[in-house]
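Working notes, beginning with the structure itself.
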Amino acid sequence: MKNILIFIILLYSDYGVTQNTIGVLLHDQEKVFEGYNLFMANKQSTAYLINNCGEIINSWSDHDFARIGAELYLMPDGKLLKAKVDKDVNSTSSIGAGGAGGVLEIVSWENELLWQYVLQDSLQRQHHDICIMPNGHILAIVWDRYFLDDILEKGFDTLSYNQREIWPDKIIEIDPQSSEVVWEWKGWDHVIQDFDSTKVNYTNIHDHPESININYQDFTFSKKDWMHSNAIDYNANLDQIILSVRNFNEIWIIDHSTTTNEAATNKGGNSDKGGGILWRWGNNHAYKMGNSNDRVLHYQHDAGWVQSPKLINSPYFNTISVYNNFIDSRYSMGTFINPQLANDGYNYLKNENDTYLPNTIFADVSHPDTLKQYSSAGSNIQLLPNGNILMHAARQGRTIELTNDEVPVWEYLVPLKQGEFMSQGDDIFLSENFTFSLRRYPVDFSGFDDKDMSAKGFLELNPNESFCILSTISDNSYENNIVLYPNPVNNTLNISCEDNFEGYIYDFMGKSIMEISVNKQESYIDISSLSNGLYFLKSNNRKLLKFIIHR
């Protein structure tokens, strides 16, 4: 196999073939985790599912002015759940910032709209992430708007800070069957402060890590979008919710086993802490422990539990993965954290000074070329069932897959520039193909059952179809029960196969030069018109064999 690859590399040099600039940039067939990749880039209105060769498997289009807002997921039955921005649905909201959505939709595999829920008016708006629960309910992050009188009553420091209204986040749980909100948690119910002693929520901040300091402003940049939560995940075993609070540089865990009434207090639920924060990590200074230079998280995204049953034997199982975006001006990385549960199984252990364990991260993950994973915003990280780690840098529209020892095995650059399709050979620069997330679903994902999973072309114009073909070459002459002989061949190529066979012959440059159809028998093909060189026989199910013409 090694000799074949060396031969191919030499031929690459002889023919002047250059490295791809968009689409699939790297594909190590032996080590990549097989699956399908879901994403929706900014400034256009179509979601795509592609295979690891960059070929389109399915797409879900919307009207021209709909945009992602900002996440989408495949449901276990193959339906697509997405949050979007849609002025045609509701244009009355005066709330808006990065990550704004406002409309939740479920569409079928065939792109039929099945359900729509509008979360956008003058007082609230859905933004960033959504989460599908095991019971089919949907968790959503929502801006919750409060005006000057409200924030003054909560002790907000208008002398030091410019905001005259703020939008703390709330979490709502929606039942799509009834479109009812069946549970709610509000950050507003848990704000405290040490600025105005005349208010009922005045207290020592560091004594109450379960609460939120309304005057914490280190990284808000005086925005009304004060918390800027950007990720949400649910752990059914614990009945808890994780929330990534970007402007606090923290991730929080909240008890979901409460009633909505209990969630507004600090009493009730499995933890008996009500809606108080059970665990927070990444920036102790947010509750006045340590200082801002001690923080470990930096404008992080995509915090979630590693809890797939397929990963039960992984050292990362039950840890929290997070994309640590902005460690410095050109550096991001993947981070895994291992919270320490107390003996009751619901609360979390602390240090003697009331900061939460662990004291150090569990693991960091990085591409050898750290610039490939840098993104100051968006992005996601995913531990794959084979132990590989998928990291998507949103501002670059770039996804990398690494083995557990950080060897790159797959790389994809979204081939859309400001929403327009690009040609292979074109260059794309930072933020021109901003894509909030890209997630991989395994080939045995239940949502793919009975679906058409055939390839339907590429996103990029003038694609290099041979790139992925070359990376999947096998030196097994009996691939798919097909035998080619002799090899090297002169003018007649014999094909022996157990089943009917349809496919194409490609030259080394990836150009299709001959369509073939062979019945379930021994056949031969006249190739006397072809020049000496390396060729590939590819069946329609992507199995590939090589042969050499030598006269």
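Scanning segment 409-425 for residues being over 30 Å from N386 (Cβ atoms) and part of a strand (DSSP E or B) gives a total of 4. Counted as qualifying within segment 267-379 are the strands (runs of 3 or more DSSP E) with 2 or more residues that are of a type in the set (S, T, Y) and within 25 Å of H392 (Cα to Cα), namely 320-328, 331-337. Among the residues of segment 253-270, those that are over 24 Å from F147 (Cβ atoms) and either surrounded by 24 or more Cβ atoms within 10 Å (Cβ to Cβ) or among the acidic types (D, E) (or both) comprise I253, I254, D255, T258, E262.
Just to be sure before I move on: is Q163 surrounded by 15 or more Cβ atoms within 10 Å (Cβ to Cβ), over 26 Å from the mean Cα position of the chain (by Cα) and either touching a residue at least 24 places away in the same chain (Cβ under 8 Å) or part of a loop (DSSP other than H, G, I, E, B) (or both) in the structure I sent? It is true that Q163 is surrounded by 15 or more Cβ atoms within 10 Å (Cβ to Cβ), over 26 Å from the mean Cα position of the chain (by Cα) and either touching a residue at least 24 places away in the same chain (Cβ under 8 Å) or part of a loop (DSSP other than H, G, I, E, B) (or both). The lone criterion from (1) buried (at least 21 other Cβ atoms within 10 Å of the Cβ); (2) under 21 Å from V118 (Cβ atoms); (3) touching an Asp or Glu at 6+ places or on another chain (Cβ under 6 Å) left unmet by G187 is number (2). All conditions in (1) without any contact (Cβ under 8 Å) to a residue 12 or more places away in the chain; (2) outside any loop (DSSP other than H, G, I, E, B) hold for D405, with the sole exception of (2).
Being polar (S, T, N, Q) and farther than 22 Å from N318 by Cβ narrows it down to one residue among Q373, Q382; which is it? On inspection, the qualifying residue turns out to be Q373.
The requirement of being within 26 Å of D77 (Cα to Cα) and out of contact with any Asp or Glu (no Cβ under 9 Å at 6 or more places or on another chain) is fulfilled somewhere in segment 128-139, by at least one residue. Each residue in segment 491-505 was checked for being open to solvent by 80 Å² or more (accessible area, probe 1.4 Å) and either in contact with a Leu (Cβ under 9 Å, 6 or more places away or on another chain) or at pLDDT 80 or above (or both), and 0 of them qualify. Within segment 281-297, residues that are closer than 20 Å to I253 by Cβ sit with their Cβ atoms under 9 Å from residues that are hydroxyl-bearing (S, T, Y) and open to solvent by 60 Å² or more (accessible area, probe 1.4 Å), at 6+ positions apart or across chains, in these pairs: V296/T360. When segment 190-239 is filtered for residues that are among the aromatic types (F, W, Y) and either touching a strand residue (DSSP E or B) at 6+ places or on another chain (Cβ under 8 Å) or open to solvent by 30 Å² or more (accessible area, probe 1.4 Å) (or both), the ones remaining, listed by number, are F195, Y202, F221, W226, Y234.
Do we find that L49 is part of a strand (DSSP E or B), aliphatic (A, V, I, L, M), at pLDDT 95 or above and over 19 Å from the mean Cα position of the chain (by Cα) in this structure? Considered against the rule, which asks whether it is part of a strand (DSSP E or B), aliphatic (A, V, I, L, M), at pLDDT 95 or above and over 19 Å from the mean Cα position of the chain (by Cα), L49 comes out as no.
The values are calculated or read from the model by the stated rules, or taken from the named source; none is laboratory data. Owing to the predicted nature of the structure, the values given are computational and were not obtained by experimental measurement. Positions of Cβ are generated from backbone atoms using ideal geometry, with glycine treated the same way; all protein chains shown enter the neighbour counts. In case anyone asks, the SASA skips ligands and DNA or RNA and just uses the protein heavy atoms, side chains included. Shrake-Rupley method; radii C 1.70, N 1.55, O 1.52, S 1.80 Å.
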